[in-house]
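Asker: Sharing a structure with you now.
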């Protein structure tokens, strides 16, 4: 018994871990041919290609339109500055205002169509590629799956396909648009002043290098940070998965220290990342400010020496500086293109791979399949273990209706023969024929449709009991399902389930006993009425009672069929027509049970060993009946409670109307009070996190000061830029402006340097505060988890994987509270406040008009920034990946039952639903993105129209207008940046609630409270009328009125069928749980 259970446990562990991934096939991913960028579109249809071409043409048009706007801006500056006089009229700039509004409308329409087409065609291709890849995975042979892990394949189906979609969608459109803007801008700049443009272009390599460094540092430190956190996550996952072992040895504090020590490295990397990114971001501003200083200084000099006009200087400034920013934004997109090509090499390679055993290839269909099988001179070696011969020179002649059993030690090749008969693999040498036809000539799906298989570990799928049985025969009627269940001895227990055949079962049959799952699997195999039945150690993982019931079902199912059995327990094969004893892949003995006993060889020795190890086991009542008797008792109790509740409700209804009204009013007041209380407490979690972050108060204060400086730098730069318009005007008045332009240019460079230093320090200060808060909260969060009682871990939401994911994601989001995200928000807030103050000082009228566009600017800026990180929808991916995970992780069962098309249809249906949602989302995103490209034009038109009217009236002068315009334009962009961080702030607040809820939770079984013994235990244990129900299964009583005393030094054995409470009593002694009836005379 013990040997069998250990073997079953080992098999289950190996199945959970997946097969060992090694051998020549494991390198196959790296052997696929490289995919060139144009080949990414090989699965695009004509409609996709048409949308792509039109979208890219419009992307180019929108990109060219940006620099062309500078031409209008040049004319606007010349009209305001060059022709400024006391007789200035607003109508002088009306043509330019009309152009701004017209181009804004063109941008709105063009960008909307462009983004819609590019987004839709990429989503359509994503759907097609995912469906093809999923089908290709299920098409591959078992040998290929042996070299792949299910988790890796699912990750590729999600992440790698997303990389392809991004590379052929938004990032391609952005790249074309940015490159078009850069090239067009440089051409226009050279056309309006080659000398100034040539000097300005000297800064382009510097700006490009700085943008490259920004992307490099982001990628480099993010990878190192993920590697550091992955080590800590590995520790957490390992500990949480074995939480009972950790708690049993009192290792909670040790594991917390081990986890915390790994976070130290992640903290250091995070601080370096924040500092480097802050410094590079500051360097970007420094190079742009310095480039502007150089352009304006040299431009005024050329106005004096070479007859340049002010508009030409402005147009060169806008096109070179903005062109460099466009180039900097375009270059990082090569990373997305590389990711797409790398991902496509694996995805496309798998799609186009034709497996050696191809289920889609046509073959011979056996209409007269009876189960006559011949295996001749078979030699087999697993592709993943080429150094080991599994079967050597094996021969077998199996006739219709016979039962052949294979026995032998582990690794002797028994299960391999079952795999060969299903054609999971082909033999290296020899030949297998079925009904006289070589198995290699048979249609693979047709062959498997004639075979019923019952495995050692039955794999059930998420759905109802009836649906799982129907998977053996998709067109089966309810009568056929029930007939198969009766044949498998499963009908009675299924009918006892709460919903009968409509009872939902979890993935892999979670929540059902081993015997129940096995009988459902037998029914699923029998419903197709197979001529050949393969039983691969179908009872070895069961306890004696369940094994007896399942064995009866198997003997009933074997009648009239050809049966191949693989058995570990030899008593199950005594009725076989032929028993073959294998050892190291070679046949040692052949005969019936009686013949092999008489031979007194290896079989007889194995049988004797099993008799000695198994012993005599007590008879007990059927566990199924006991389980469902408890369920019926619970149903009766729930019915009584329901009747009592209804009685109270009826009594309440007979009360007076006044009492009802008073009750209604009091309930309303209570709800309002609770709502106000919730509003007031909404910020409490964030305050708690800041209190936890109190040791870093100095760093936070330093970061805030740097934010104020950096935020004020940009409006200051805008004011300095606007000063150049006054210098232009003074130049036309024949004044000496060179000393002043040198001063202004120097101040631009100085402001850029100050901002660089402040951004560098800001990145360091907030990096320290954010990373230390994250580390401290992660440690507290993890420690609180490890100190919870075992019932808390039994909840579905507190499984090891879910808790590890929470540790990884929720704590990292807290950086928005005191990390670099807080720095960005504060900087933008300071910038907006300063800009609005300056704008109101110079023209409150223009400011108010511009503020009307702020709501649209917020939305537009938010979406524009978010487009930089666009990718797949995580929720949509999760729904699709559930289907994929179920199919891929149980691939052999899928192949055995020919369920490839079943899961492919489910996957395709989910992809079709998501495509409809994605198309709607693409239109919405396209509109907002188009708005972000056009709203500026409408704002320009409105501000310049009002400004011209105010100048004409003498209310403001030209300098005031351009100062107001410059700072407002900059503040609008920053407002969009600030709004883009709003979701992160909300997520941080939500995660704070979740984290603090766990940290503040008092475990029901505290490990640091209670009496501490002053001397070692003697070992005496007393159970006194113990009752127990698991917290997550309160409808089932596991232990009922158990009393026993174990004296010091005694050895007591607990035996019984599965689910009778043996292990539960051990866990109660360890105090993993508390008894349900604790009291002075019980529990």
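The values are calculated or read from the model by the stated rules, or taken from the named source; none is laboratory data. Only a predicted model underlies this, so the values are computations on that prediction, with no experimental measurement involved. Quick reminder, even Gly has a Cβ in these numbers, built from the backbone with ideal geometry, and neighbours come from all protein chains shown.
Condition check ((1) closer than 27 Å to residue 698 by Cα; (2) in a helix (DSSP H, G or I); (3) modelled with pLDDT of 85 or more) across all residues:
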| position | (1), (2), (3) |
| --- | --- |
| 770 | yes, yes, yes |
| 773 | yes, yes, yes |
| 778 | yes, yes, yes |
| 788 | no, no, yes |
| 797 | no, yes, no |
| 803 | no, yes, no |
| 815 | yes, yes, no |
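Asker: Having 2 or more residues that are within 30 Å of residue 312 (Cα to Cα) is the bar; report the helices (runs of 4 or more DSSP H) wholly within segment 44-158 that clear it.
Answerer: 46-77, 94-139
Asker: Looking at segment 696-708, is at least one residue assigned by TED's automatic domain parsing to the domain that holds residue 781, more than 30 Å from residue 770 (Cβ to Cβ), at pLDDT 55 or above and part of a helix (DSSP H, G or I)?
Answerer: Scanning segment 696-708 turns up no residue that is assigned by TED's automatic domain parsing to the domain that holds residue 781, more than 30 Å from residue 770 (Cβ to Cβ), at pLDDT 55 or above and part of a helix (DSSP H, G or I).
Asker: If you don't mind, there's one more thing I want to ask. Evaluate the following for residue 214: is it over 30 Å from residue 781 (Cβ atoms), modelled with pLDDT under 85 and either in contact with a helix residue (DSSP H, G or I) (Cβ under 9 Å, 6 or more places away or on another chain) or not in a helix (DSSP H, G or I) (or both)?
Answerer: Yes.
Asker: In addition: Name the residue, out of 673, 758, 722, 745, that is in contact with a helix residue (DSSP H, G or I) (Cβ under 8 Å, 6 or more places away or on another chain) and modelled with pLDDT under 90.
Answerer: Going through 673, 758, 722, 745 in turn, just one is in contact with a helix residue (DSSP H, G or I) (Cβ under 8 Å, 6 or more places away or on another chain) and modelled with pLDDT under 90: 722.
Asker: Let me confirm something: among 159, 165, which residue is over 30 Å from residue 416 (Cα atoms) and surrounded by 23 or more Cβ atoms within 10 Å (Cβ to Cβ)?
Answerer: Testing whether each residue is over 30 Å from residue 416 (Cα atoms) and surrounded by 23 or more Cβ atoms within 10 Å (Cβ to Cβ) leaves just 165.
Asker: Moving to a separate point now. Hey, can you tell me all the residues within segment 236-267 that are under 22 Å from residue 770 (Cβ atoms) and touching a residue at least 24 places away in the same chain (Cβ under 8 Å)?
Answerer: 236, 256, 259, 260, 262, 263, 264, 265, 266, 267 - these are the residues of segment 236-267 that are under 22 Å from residue 770 (Cβ atoms) and touching a residue at least 24 places away in the same chain (Cβ under 8 Å).
Asker: Then there is this: Out of 179, 187, 183, report the one residue that is at pLDDT 90 or above, farther than 30 Å from residue 355 by Cα, buried (at least 19 other Cβ atoms within 10 Å of the Cβ) and not assigned by TED's automatic domain parsing to the domain that holds residue 283.
Answerer: The unique qualifying residue is 179.
Asker: Would you confirm, using the coordinates I've provided, whether residue 757 is in the same structural domain as residue 1002 (by TED's automatic domain parsing), in a helix (DSSP H, G or I) and buried (at least 19 other Cβ atoms within 10 Å of the Cβ)?
Answerer: In short, no.
Asker: Could I ask something else about it? How many of the residues making up segment 99-112 are within 15 Å of residue 932 (Cβ to Cβ) and in contact with a helix residue (DSSP H, G or I) (Cβ under 6 Å, 6 or more places away or on another chain)?
Answerer: Number of matching residues: 7.
Asker: Looking at the structure I just gave you, is residue 325 surrounded by fewer than 19 Cβ atoms within 10 Å (Cβ to Cβ) and under 46 Å from the mean Cα position of the chain (by Cα)?
Answerer: Yes; evaluated as a whole, the condition is true for this residue.
Asker: Another question, if that's okay. Quick check on segment 378-392. Is at least one of its residues under 45 Å from the mean Cα position of the chain (by Cα) and without any contact (Cβ under 8 Å) to a residue 12 or more places away in the chain?
Answerer: Within segment 378-392 (the criterion being under 45 Å from the mean Cα position of the chain (by Cα) and without any contact (Cβ under 8 Å) to a residue 12 or more places away in the chain), the answer is yes, since at least one residue qualifies.
Asker: One residue is enough: does segment 149-158 have a residue meeting the conditions within 22 Å of residue 919 (Cβ to Cβ) and modelled with pLDDT under 90?
Answerer: There is at least one residue in segment 149-158 that is within 22 Å of residue 919 (Cβ to Cβ) and modelled with pLDDT under 90.
Asker: Mind telling me which of the residues 366, 398, 375 ends up being under 20 Å from residue 448 (Cα atoms), crowded, with 17+ Cβ neighbours inside 10 Å and without any contact (Cβ under 8 Å) to a residue 60 or more places away in the chain?
Answerer: When all the criteria are applied, what remains is 375.
Asker: Here's another thing I want to ask about it. Just to be sure, is residue 44 at pLDDT 90 or above, touching a helix residue (DSSP H, G or I) at 6+ places or on another chain (Cβ under 9 Å), surrounded by fewer than 19 Cβ atoms within 10 Å (Cβ to Cβ) and over 30 Å from residue 569 (Cα atoms)?
Answerer: It is false that residue 44 is at pLDDT 90 or above, touching a helix residue (DSSP H, G or I) at 6+ places or on another chain (Cβ under 9 Å), surrounded by fewer than 19 Cβ atoms within 10 Å (Cβ to Cβ) and over 30 Å from residue 569 (Cα atoms).
Asker: If residue 140 satisfies all but one of (1) under 30 Å from residue 780 (Cβ atoms); (2) at pLDDT 85 or above; (3) buried (at least 22 other Cβ atoms within 10 Å of the Cβ), what's the number of the condition it fails?
Answerer: So the condition that residue 140 fails would be (1).
Every residue, every condition in (1) part of a helix (DSSP H, G or I); (2) more than 30 Å from residue 370 (Cα to Cα); (3) at pLDDT 90 or above, yes or no:
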| residue | (1), (2), (3) |
| --- | --- |
| 555 | yes, no, no |
| 575 | no, no, no |
| 607 | yes, yes, no |
| 616 | no, yes, no |
| 621 | no, yes, no |
| 627 | yes, yes, no |
| 641 | yes, yes, no |
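Quick grid of which residues meet (1) free of Cβ contacts under 8 Å to residues at least 24 places away in the same chain; (2) surrounded by fewer than 20 Cβ atoms within 10 Å (Cβ to Cβ):
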residue	(1), (2)
707	no, no
712	no, no
715	no, no
726	no, yes
733	yes, yes
740	yes, yes
747	no, yes
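Asker: List the pairs whose first member sits in segment 840-852 and is not assigned by TED's automatic domain parsing to the domain that holds residue 715, whose second member is assigned to a loop (DSSP other than H, G, I, E, B), and whose Cβ atoms are under 6 Å apart, counting only residues at least 6 apart or on separate chains?
Answerer: That search, which allows pairs on different chains as well, returns 843/956.
Asker: If residue 196 satisfies every condition in (1) farther than 30 Å from residue 326 by Cβ; (2) surrounded by 14 or more Cβ atoms within 10 Å (Cβ to Cβ); (3) at pLDDT 85 or above but one, which is the exception?
Answerer: Of (1) farther than 30 Å from residue 326 by Cβ; (2) surrounded by 14 or more Cβ atoms within 10 Å (Cβ to Cβ); (3) at pLDDT 85 or above, only one is false for residue 196: (1).
Listed here are the residues, each with its yes/no results for (1) at pLDDT below 80; (2) over 30 Å from residue 831 (Cβ atoms); (3) surrounded by 13 or more Cβ atoms within 10 Å (Cβ to Cβ).
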position	(1), (2), (3)
971	yes, no, yes
978	yes, no, yes
983	yes, no, no
996	no, yes, yes
1027	no, yes, yes
1040	no, yes, yes
1050	no, yes, no
1064	no, yes, yes
1077	yes, yes, yes
